[in-house]
């Protein structure tokens, strides 16, 4: 995360550095009139440049004021624009004498706002009396307030105390400006440590609240958040009072752009950490629920939020670098449509992901069967899901397909159903068949994992080579491995019961009957149909079955 933020910051600074190397358009010294917004603003700023300085001629752009007041207003307007680091582009200023405002929404108003977003209070209007363009009365009134916001009371007095030696230039900066930079650095460092300690204390108080409700500690996050937040406030302080150093427009443009980019990178860093904290707190709540799919949703939401924050941060940087936000958004929209058309499968998978989280056809850890895909759900990702089959191999299936197929969720089973046919030999006497059925029923009732209220053991069919006893039983524990263990113990009990009763299970055979065969006995088994003995055999088998479970407990 730190590497990403630093990369964005250094790329932006490199772009600014290249941009500031471009030569700005020089204005000529020809005489201009106040016949259009361009000519008024041109004359005002041109005669306040160091090489062409003539404050009286510059003050002609201010209407309805005494000459001295007009000169002061003209100077203050430029100082506010320079102090805010606003670069003026004369190519965008209208030259039409009858220019109509297109921003305020008032029809037939001859008005031009220089910078609608930064300082909407500064604008020129066409005077109805002489048809010339001047700075508006609102500008004349508001410029004092704007100036005082940037240059507090006493700043002018302190500047007047600077000796003549302090105004000597070294590398295009005056000596007092170098001293001011040093003071700014010292104040900023002290302010940073004070703010960092204060913010850390506040976040520690917040930690107590989060631990109370979510049992999540913010120890690691506190250090990550207090420093960037303190730096953001320090940069805000520098940005607000940077105008006091009275740098030229090129230096201010570079410094303000760098400060704003640094603030944007820091805000991205803070936002990403806040997302991390919010997701961690949400996980502490979802971990208490039975829905494992809710826990799986958190990483998907985190990725979406991180992408959204980075996208907004890049848009903000582009606007700082001078890009038109409307053009950028239009380009992003067109590009988004093109990307969506080229990546339809990805969009379908994303929609499938949300459908899975909203419908919740399964949970993490459920055993599912659908479309030939059988296995345990291990992960539901942003684009695809991972299913582990019985042989421990991994299936990765796109969420769009997973949301469309019919899924049998065995993980939602309340009970496990076990159905089997017990085939007895055809020569089994009816008395022993009835006794065997009775004994199997008692085994089921004695089984601790079997439902004793819902089961079936009946003699249902005369098969091709066996007498079929239907066995249907429901095991309480829905786990697959538990079901197999329950089957194992029940089947062993049935085999022992059959052995004690003298009942034999059939298998596919063909019998050839002969009237006589010397010195050979019949292969047919002998059955003891004594019901008392059969009852005792059943009791012995059931008692042994119960004792087995008692020993396991």
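The values are calculated or read from the model by the stated rules, or taken from the named source; none is laboratory data. If you're wondering where the values come from, they're calculated on a predicted model, not measured in any experiment. Note that we place each Cβ from the backbone using ideal geometry, even for glycine, and neighbour counts take in every protein chain shown.
Could you look through the stretch 140-154, keep only residues that are over 45 Å from the mean Cα position of the chain (by Cα) and touching a residue at least 12 places away in the same chain (Cβ under 8 Å), and pick out the one that is surrounded by the fewest Cβ atoms within 10 Å (Cβ to Cβ)?
Restricting to residues being over 45 Å from the mean Cα position of the chain (by Cα) and touching a residue at least 12 places away in the same chain (Cβ under 8 Å), the top hit is 144.
To keep it simple, each residue is scored yes or no on (1) within 30 Å of residue 237 (Cβ to Cβ); (2) at pLDDT 90 or above; (3) touching a helix residue (DSSP H, G or I) at 6+ places or on another chain (Cβ under 7 Å).
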| residue | (1), (2), (3) |
| --- | --- |
| 29 | no, no, yes |
| 33 | no, no, yes |
| 51 | no, no, no |
| 69 | no, yes, no |
| 72 | yes, yes, no |
| 92 | no, no, no |
| 107 | no, no, no |
| 117 | yes, no, no |
| 131 | no, no, no |
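Give 157, 193, 170 a once-over and let me know the one that is under 37 Å from the mean Cα position of the chain (by Cα) and loosely packed, with under 14 Cβ neighbours inside 10 Å.
193
So which residues in the stretch 354-381 are part of a helix (DSSP H, G or I), touching a strand residue (DSSP E or B) at 6+ places or on another chain (Cβ under 7 Å) and free of Cβ contacts under 8 Å to residues at least 40 places away in the same chain, if there are any at all?
none
For a quick check of your reading: which helices (runs of 4 or more DSSP H) sit entirely within the stretch 33-109 and have at least 1 residues that are under 46 Å from the mean Cα position of the chain (by Cα), closer than 30 Å to residue 323 by Cβ and in contact (Cβ under 8 Å) with a residue 60 or more places away in the chain?
Correct list: 67-83.
Per-residue answers, yes or no, for (1) in contact with a helix residue (DSSP H, G or I) (Cβ under 7 Å, 6 or more places away or on another chain); (2) closer than 19 Å to residue 239 by Cα; (3) in a helix (DSSP H, G or I):
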{"position": "145", "(1), (2), (3)": "no, yes, yes"}
{"position": "152", "(1), (2), (3)": "no, yes, no"}
{"position": "157", "(1), (2), (3)": "no, no, yes"}
{"position": "177", "(1), (2), (3)": "yes, yes, yes"}
{"position": "184", "(1), (2), (3)": "yes, yes, yes"}
{"position": "187", "(1), (2), (3)": "no, yes, yes"}
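When the residues of the stretch 486-528 are narrowed to those that are surrounded by 10 or more Cβ atoms within 10 Å (Cβ to Cβ), out of contact with any strand residue (DSSP E or B) (no Cβ under 9 Å at 6 or more places or on another chain) and farther than 18 Å from residue 436 by Cα, which ends up modelled with the lowest pLDDT?
Taking the candidates together, the pick is 524.
Can you tell me how many residues within the stretch 392-438 are assigned to a loop (DSSP other than H, G, I, E, B) and either in contact with a strand residue (DSSP E or B) (Cβ under 8 Å, 6 or more places away or on another chain) or closer than 21 Å to residue 480 by Cβ (or both)?
Qualifying residue count for the region: 11.
From the list 362, 382, 354, which one is in contact with a helix residue (DSSP H, G or I) (Cβ under 7 Å, 6 or more places away or on another chain), at pLDDT below 75 and either within 30 Å of residue 257 (Cα to Cα) or surrounded by 12 or more Cβ atoms within 10 Å (Cβ to Cβ) (or both)?
Exactly one of 362, 382, 354 is in contact with a helix residue (DSSP H, G or I) (Cβ under 7 Å, 6 or more places away or on another chain), at pLDDT below 75 and either within 30 Å of residue 257 (Cα to Cα) or surrounded by 12 or more Cβ atoms within 10 Å (Cβ to Cβ) (or both), namely 382.
Select from the stretch 461-482 the residues that are farther than 25 Å from residue 533 by Cα and assigned to a strand (DSSP E or B) and write down the one among them that is farthest from the chain's Cα centre (by Cα).
Checked the stretch 461-482; the qualifying residue farthest from the chain's Cα centre (by Cα) is 462.
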